[in-house]
Amino acid sequence: MCQWYGVRCSSDGSTVYSLKLGANNLSGATPPDLFDLPGLTELWLYSNPIKFNFIGIERANNLTTLLLDDTGLVSLDGLRLGTSLVHLDLGFNMINGIFPYDEINSLVNLKTLSLAYNNLTGELVPFAFDQLVDLEMIRLDNNMLSGSLPSFSSFPKLVSLDLSNNFFGSFVDYDEEYFGGSIPSSFLSNNANKDLMVEVNVAGNQLTGTLPQELGDRFDHLTIDISGNYIVGIPTSLCKKDSWMEGEVTFYGCDAIACPEGTYAEPLGRATRYLGDCQFCPTLILSSRYIGNTACPA
């Protein structure tokens, strides 16, 4: 079996520790005795049209990485028992309803979590899973979340956060509440090391107000995408953070964070050395009073 495609074994051939079978056109239901492999640490089944359930995952005591993105997954029942998990990708599936707090809450060893491109709705309440203090990456982009942007101040190791495109989601209903409000001054306030490289993407929502000045005291190396919102300004002190935006602030100042009102830049809404400056909208077009435009108003 150690010679089979996608199977990795221990050096003496006695134990299977990895099954990497992503994008292999697998179908049908996965057998529950997968979780009986005592040394299994990695299970990659992404991009296969399979029927997967979490029954028996508590028996996989060494399973740290589970990649089930783009499998058609609908239910997370039983996931909460997979307490050994460190990396979990459930993106590009058909998971509906509010954020699955009950199932995620027990996964106290998680470092990376993706539920991107699902149909999650309702307000996001990070303090409902804030015991996951080792989380370094959270992806919840392209869902249908609503309410105010949380501060995520309970995650001291969080360095990658993607909440983009939660206004439009997969199915637009303009009568529903949007994902908006201002960016809290306490945003990521408990990040333990200001020298860390931090990436935040909140593009394509309905955020308002200005970028908080406190972020400048908090981070020396921040890349943040605020394009496609209703944000109106950037404190000048942030435009002097030369290491922000992967060093682009050194060359473009505020424009490296977001193009000013009346201008635009495709596709990022900000100036970069490889894509160029912010461009002025034609005078005959009504210019937006918001910053970070990726195109001129129609």
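The values are calculated or read from the model by the stated rules, or taken from the named source; none is laboratory data. Just so it is clear, the model here is predicted, and its values are computed rather than measured. Heads up, the Cβs are rebuilt from the backbone with ideal geometry, glycines too, and the neighbour counts pull from every protein chain shown.
Conditions tested, residue by residue: (1) modelled with pLDDT of 95 or more; (2) closer than 23 Å to I138 by Cα.
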residue	(1), (2)
S10	no, no
S14	no, no
L19	yes, no
G28	yes, no
F52	yes, yes
T64	yes, yes
L73	yes, yes
L90	yes, yes
S114	yes, yes
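Filtered by the rule that a residue be surrounded by fewer than 21 Cβ atoms within 10 Å (Cβ to Cβ), closer than 20 Å to I57 by Cβ and of a type in the set (F, W, Y), the range 97-139 gives a lone residue, Y101.
Conditions tested, residue by residue: (1) within 24 Å of the chain's Cα centre (by Cα); (2) among the charged types (D, E, K, R); (3) at negative phi; (4) not in a loop (DSSP other than H, G, I, E, B).
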{"position": "L26", "(1), (2), (3), (4)": "no, no, yes, no"}
{"position": "L40", "(1), (2), (3), (4)": "no, no, yes, no"}
{"position": "Y46", "(1), (2), (3), (4)": "yes, no, yes, no"}
{"position": "N53", "(1), (2), (3), (4)": "yes, no, yes, no"}
{"position": "E58", "(1), (2), (3), (4)": "no, yes, yes, yes"}
{"position": "R80", "(1), (2), (3), (4)": "yes, yes, yes, yes"}
{"position": "G91", "(1), (2), (3), (4)": "yes, no, yes, no"}
{"position": "S106", "(1), (2), (3), (4)": "yes, no, yes, no"}
{"position": "L120", "(1), (2), (3), (4)": "yes, no, yes, yes"}
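Residues that are of a type outside the set (S, T, N, Q) and under 27 Å from the mean Cα position of the chain (by Cα) within the range 9-24 comprise L19, K20, L21, G22, A23, listed in sequence order. When the range 241-259 is filtered for residues that are assigned to a helix (DSSP H, G or I) and without any contact (Cβ under 8 Å) to a residue 24 or more places away in the chain, the ones remaining, listed by number, are E246, G247, V249, T250, F251, G253, C254, D255, A256.
Only one of the numbered conditions (1) within 13 Å of L110 (Cβ to Cβ); (2) of a type outside the set (G, A, S); (3) not in a loop (DSSP other than H, G, I, E, B) is violated by V133, and that is (3).
Okay, residues lined up against (1) within 27 Å of R139 (Cα to Cα); (2) surrounded by 17 or more Cβ atoms within 10 Å (Cβ to Cβ):
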| residue | (1), (2) |
| --- | --- |
| E199 | yes, no |
| V202 | yes, yes |
| D217 | yes, no |
| V232 | yes, no |
| Y252 | no, yes |
| I257 | yes, yes |
| A295 | yes, no |
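Of the residues examined, V86 is not one that is of a type in the set (V, I, T), modelled with pLDDT of 95 or more and exposed (fewer than 15 other Cβ atoms within 10 Å of the Cβ).
Looking across the range 260-293, the residues that are of a type in the set (F, W, Y) and either surrounded by fewer than 17 Cβ atoms within 10 Å (Cβ to Cβ) or touching a residue at least 40 places away in the same chain (Cβ under 8 Å) (or both) come down to Y274, F280, Y290. Applying the set (1) surrounded by 14 or more Cβ atoms within 10 Å (Cβ to Cβ); (2) in contact (Cβ under 8 Å) with a residue 24 or more places away in the chain; (3) closer than 23 Å to L135 by Cα; (4) not aliphatic (A, V, I, L, M) to S75 leaves exactly one unmet item: (2). Within the range 252-259, is even one residue out of contact with any Lys or Arg (no Cβ under 8 Å at 6 or more places or on another chain), among the β-branched types (V, I, T) and under 16 Å from I224 (Cβ atoms)? Within the range 252-259 (the criterion being out of contact with any Lys or Arg (no Cβ under 8 Å at 6 or more places or on another chain), among the β-branched types (V, I, T) and under 16 Å from I224 (Cβ atoms)), the answer is no, since none of the residues qualifies.
Taking the condition under 20 Å from L196 (Cβ atoms) and surrounded by 17 or more Cβ atoms within 10 Å (Cβ to Cβ), does S164 pass? Against the criterion (under 20 Å from L196 (Cβ atoms) and surrounded by 17 or more Cβ atoms within 10 Å (Cβ to Cβ)), S164 does not qualify.
Screening the candidates A29, A60, A23 for the property of being touching a helix residue (DSSP H, G or I) at 6+ places or on another chain (Cβ under 6 Å) and of a type in the set (G, A, S) yields one hit, A60. Selection of the range 220-240 for residues being assigned to a loop (DSSP other than H, G, I, E, B), at negative phi and under 19 Å from the mean Cα position of the chain (by Cα) yields I226, S227, N229.
Being outside any loop (DSSP other than H, G, I, E, B), at pLDDT below 95 and surrounded by fewer than 17 Cβ atoms within 10 Å (Cβ to Cβ) is not true of G180. Note on the range 32-63: residues that are closer than 26 Å to Y117 by Cα and without any contact (Cβ under 8 Å) to a residue 40 or more places away in the chain amount to 16.
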